[in-house]
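The values are calculated or read from the model by the stated rules, or taken from the named source; none is laboratory data. Not measured: the values here are computed from a predicted model. Reconstructed Cβ throughout: ideal geometry from the backbone, glycine too, with neighbour counts over all protein chains shown. For accessibility, only protein heavy atoms count, side chains too; no ligands or nucleic acids. Shrake-Rupley method; radii C 1.70, N 1.55, O 1.52, S 1.80 Å.
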Protein chains: 2
Amino acid sequence: MDSKELILQRSNEAKEIYIPHLSADPVIFGFDQNELKVLLLRMNYRHQWFLPGGYVRKDEDLDDAVVRILKERAGVNAVYLEEFGVFGKKNRSEAYFEDFDETLFHKQRFVTVGYYALYNPSKINLTVDEYSDSCEWINVSQLSEIEMAMDHKEIAEKALQTLREKISIKPIGFNLLPEKFTLPELQKLYEAILGKELNRGNFYRKIKNLGILKKLDEQRKGGAHKAPDLYSFDEEIYNQALENGLISW
Amino acid sequence: MDSKELILQRSNEAKEIYIPHLSADPVIFGFDQNELKVLLLRMNYRHQWFLPGGYVRKDEDLDDAVVRILKERAGVNAVYLEEFGVFGKKNRSEAYFEDFDETLFHKQRFVTVGYYALYNPSKINLTVDEYSDSCEWINVSQLSEIEMAMDHKEIAEKALQTLREKISIKPIGFNLLPEKFTLPELQKLYEAILGKELNRGNFYRKIKNLGILKKLDEQRKGGAHKAPDLYSFDEEIYNQALENGLISW
């Protein structure tokens, strides 16, 4: 079946199953080999890149919908996704399916809810759904170069901005680093998310002041240089900071 | 016209004008006389308290909808409202209009988008719309006691939690205090938002460390005690902190 026929065929079932006018778009970030990536699909129809989004069932909570959508479209099992923005401009979605007539489910006005999460890509087996010819981790530095459908580039950039703000507020990194890590490894994570190099001295001072790190009585061995100290997160203080934020009054 | 007849009459026009399944709920906080309040309506029908929410026009951006809704329902001219959460559980809204049959516009499943803003109530003239018998600033400490419709209490509480997190991240207060204020006045604002008393010494030290205050060469005169120093916000640093957050890497 060609890609247009498939969409046409799915339209009628979609009207039965889904709420009109509402969609959900997960923005999944991955930190891998010191680079920050985002999970995108390329649709067979028109070959543009998309977030792995979808529609909300009539009998389904919105929070459950986004988890199901991400699983169906990319094979990703998400435990928790955080809502970061709602995209509700008129005409944001209507024009994309220009080859179809107005009765197509996909061609109506959709207000979409954006959710994000941050994962370690090496722990995820991606799958490709029936609408797509590719499902990949794309480096965020390439976002400006690729052609994305509708306002999906804007949605991905808002998610990235939210993630950047988030690391000034809440600790990030527990699931992205090995249990024991060096300060240079932690700095690489912050640099990948912030998209800029940080001054080493300033970073060490600020991160230590937060009190979420525990210096271990071990060093990382095997390098040519002086063996660097290993750290882990102080789980109790880390969890308190997740709950209350890094500044408490 | 009684309150049921009015809703019935509005239902048919609503189907013409509005998108189904989507609503917006503004949570407007006011800081007045050292107390934090929230703006609520009481509907004629069933006499429960509501947020001043409403529906989204088919030809209207979502951001414009929430501003129009707030103006229509409470007379409040909002320049900017910040989205803080989406409430999308199935059955969150359907049961409220139990006296009506299923064809009523108001009785369908609505996913609602929550927005919040913080104002000085003395600068706002509230009005009461056709559905309501009251539009009032309710003290947030009373929220637990009053009966609110649907999940509106949960929405208001999530907004309050967001506001509390926000003051650990971004400066708050520019529009809520006189141009020149004392540290005890600023502390009252923080205490009203956080809902707890703060230790004076800790608060002074933390707020001064943020660098957003400018100590003036003036004192507040006229009290019985030693005249307290006056402060104003350092506008440049305040705006930087609004942009980048209070911790920058």
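Helix A:183-194 against the longest principal axis of chain A: what's the angle in degrees, Cα atoms only, rounded to the nearest 10?
Long axis of A:183-194 versus the principal axis of chain A: about 30 degrees.
With every protein chain left in place and a probe of 1.4 Å, what is the accessible surface of residue A:198, to the nearest 10 Å²?
Accessible area of residue A:198: about 20 Å².
Can you find, among B:43, A:225, A:8, the residue farthest towards the positive end of the dipole of the protein assembly as shown? Put +1 on the C-beta of Lys and Arg, -1 on that of Asp and Glu.
Farthest towards the positive pole: A:225.
Quick one: which residues, 5 or more positions from residue A:38 or on another chain, have an amide H under 5 Å from its amide H? H modelled 1.01 Å from N in the peptide plane, none for Pro or chain starts.
The answer is A:30, A:138, A:139, A:140.
Per residue of region A:100-115, what does 6.51 cos²θ - 1.76 cosθ + 1.60 with θ = phi - 60° give for ³J(HN,Hα)? Whole Hz please, x for Gly and Pro, Karplus curve as stated.
Whole-Hz 3J(HN,Hα) from phi for region A:100-115: 10, 8, 5, 7, 5, 4, 5, 8, 7, 5, 10, 8, 10, 9, x, 10.
Scale the Cα Rg of region B:183-244 by the rule-of-thumb value 2.2 N^0.38 Å and send over the ratio, two decimals.
1.22
Output the relative contact order of chain A, whole-number percent, from Cα pairs under 8 angstrom with separation of 6+ residues. Working shown, then result.
Working: 389 pairs, mean separation 51.0, N = 249.
20 percent.
Taking θ = phi - 60°, what integer Hz values does the Karplus form 6.51 cos²θ - 1.76 cosθ + 1.60 yield along region B:231-244, in sequence order, with x for Gly and Pro?
Here the 3J(HN,Hα) series is 10, 9, 6, 6, 4, 5, 5, 4, 5, 4, 5, 4, 6, 9 Hz.
Okay, helix-only estimate at 222 nm for chain B: each DSSP H run of n ≥ 4 adds -39500 (n - 2.57), divide by all residues, round to 500 deg cm²/dmol; what do you get? Before the final figure, lay out each step's value.
Working: 6 runs with 75 residues, N = 249.
One gets -9500 deg cm²/dmol as the mean residue ellipticity at 222 nm.
Using the Karplus equation 6.51 cos²θ - 1.76 cosθ + 1.60 (θ = phi - 60°), what ³J(HN,Hα) coupling, rounded to whole Hz, does each residue of region A:41-49 give in order, writing x for Gly and Pro?
10, 10, 6, 4, 6, 6, 6, 9, 7
Under 5 Å between amide H atoms, partner at least 5 residues away or on a different chain: which partners does residue A:84 have, H built in plane at 1.01 Å?
A:114, A:115, A:116
Please report, for residue A:17, the nm distances (one decimal) from its label point, 7 Å out from Cα along the beta-carbon direction, to the equivalent points in the remaining copies, shortest first.
3.5
Assume the label is 7 Å from Cα along Cα to beta carbon: what separations in nm does residue B:44 have to the matching positions in the other copies?
Ordered by distance, the counterparts are at 5.6 nm.
May I ask for the accessible area buried between chains B and A, both sides summed, probe 1.4 Å, to the nearest 100 Å²?
Chains B and A together bury approximately 3000 Å².
Expressed as a whole percent, how much of the Cα-Cα distance distribution for region A:54-96 exceeds 18 Å?
Numbers: 362 of 903 pairs.
The calculated P(r) of region A:54-96 puts 40 percent of pairs beyond 18 Å.
Between the helical axis of A:62-74 and the dominant principal axis of chain A, each derived from Cα atoms, what acute angle in degrees is found, rounded to the nearest 10?
Rounded to the nearest ten degrees, it is 90.
On a 0 to 90 degree scale, rounded to 10, what angle separates helix A:3-17 from the longest Cα axis of chain A?
So the inclination is approximately 90 degrees.
Enumerate by residue number the trypsin sites (Lys or Arg not before Pro) in region A:40-122 meeting two conditions: DSSP loop (anything except H, G, I, E, B), and at most 15 other Cβ atoms within 10 Å of the site's Cβ.
The qualifying sites are A:46, A:58, A:89.
Go through B:172, B:167 and list them by solvent-accessible area, largest first, probe radius 1.4 Å.
Putting B:172, B:167 in descending order of accessible area: B:172, B:167.
Does the protein assembly as shown classify as rounded, prolate or oblate by the C-alpha gyration tensor (a ≥ b ≥ c root eigenvalues; a/c under 1.5 gives rounded; else a/b over b/c gives prolate, otherwise oblate)?
oblate
How do B:213, A:8 stack up against each other in accessible area, from largest to smallest, with a 1.4 angstrom probe?
So the residues, ranked largest to smallest area, are A:8, B:213.
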